[in-house]
1. Report, by residue number, each residue of the stretch 54-65 that is out of contact with any Pro (no Cβ under 8 Å at 6 or more places or on another chain) and open to solvent by 20 Å² or more (accessible area, probe 1.4 Å).
2. Please state which of the following conditions GLY136 fails to meet, knowing it meets all the rest: (1) small (Gly, Ala, Ser); (2) open to solvent by 10 Å² or more (accessible area, probe 1.4 Å); (3) over 24 Å from ASP73 (Cα atoms).
3. Inside the stretch 147-163, can you point out the residues that are outside any strand (DSSP E or B), open to solvent by 40 Å² or more (accessible area, probe 1.4 Å) and within 24 Å of THR72 (Cβ to Cβ)?
4. Can you pull out the strands (runs of 3 or more DSSP E) entirely within the stretch 41-107 that have at least 3 residues that are in contact (Cβ under 8 Å) with a residue 24 or more places away in the chain and over 24 Å from LEU168 (Cα atoms)?
5. Can you pull out every residue in the stretch 133-189 that is farther than 25 Å from TYR55 by Cα and not basic (Lys, Arg)?
6. Looking at the stretch 1-40, which of the residues that are touching an Asp or Glu at 6+ places or on another chain (Cβ under 8 Å) and at pLDDT 95 or above is most open to solvent (accessible area, probe 1.4 Å)?
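The values are calculated or read from the model by the stated rules, or taken from the named source; none is laboratory data. Being a predicted model, the structure only gives us computed values, none of them experimental. Every residue, glycine among them, receives a Cβ derived from its backbone with ideal geometry; neighbour counts consider all protein chains shown. Just the protein is used for accessible areas: all its heavy atoms, side chains included, with ligands, DNA and RNA removed. Shrake-Rupley method; radii C 1.70, N 1.55, O 1.52, S 1.80 Å.
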Amino acid sequence: MTRIRPFALAAMTALTAACGGPSADLYPVAAPQVADTIRISFRTVEVREVSLPAYAAADEIAVEDEDGKLVTDANVRWADAPERAVALEIARNLARLSGARVASEPWPFEELPEARLEVRFESLVAGADGNFRGSGQYFVGVLDGRRERSGIFELAVPYDLEGGTPALARARGQLVLDVSRVIAREGLR
């Protein structure tokens, strides 16, 4: 068994701190309130995949500037990997909206889901105009021969330009809830 001497441990800690630079500020996306209910045609739904554009899938939070350029700050990051987080948000939102058993991939239950959902975001960005915008497509696959579905969404949620990153996080959470509502109403009925 290798034993690390106190001096070596102190040197490794100092080296790690020196190379790592300042720590990043991490921003979680809080779940917005869900007061409405939407009936869907499925008892079980798997959120199989959520894909985001490269800038939205990165840990660094991208914001559009006045010229349309996306700007990031290495010290301002999402608290969770965005694709994983958005998939979990959609699963949670759909479960709360519909009362169905919804989970993100990998499906944790023995019985296969009645429907499988894929969501592909074309854009997911905080605009310089004070709107957090998201657009893309969703696809609902079914195994029992019922009609498979797809649809397009293009939504925007206003946010306070002076509210900083917490305002962006709230807007992203609301936008993902709004996308979940569209999917429940149009794709899972």
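1. Listed by number, the residues that qualify are ALA54, TYR55, GLU60, VAL63, GLU64, ASP65.
2. Going through (1) small (Gly, Ala, Ser); (2) open to solvent by 10 Å² or more (accessible area, probe 1.4 Å); (3) over 24 Å from ASP73 (Cα atoms) one by one, GLY136 breaks only (2).
3. Result: ASP160, LEU161, GLU162.
4. Details: elements: 44-51, 76-78, 101-104.
The qualifying strands (runs of 3 or more DSSP E) are 44-51, 101-104.
5. Restricting attention to the stretch 133-189, the residues satisfying the condition of being farther than 25 Å from TYR55 by Cα are 140-149, 184-189.
Once the filter is applied, which keeps residues that are farther than 25 Å from TYR55 by Cα and not basic (Lys, Arg), the stretch 133-189 yields VAL140, GLY141, VAL142, LEU143, ASP144, GLY145, GLU148, ALA184, GLU186, GLY187, LEU188.
6. That would be PRO28.
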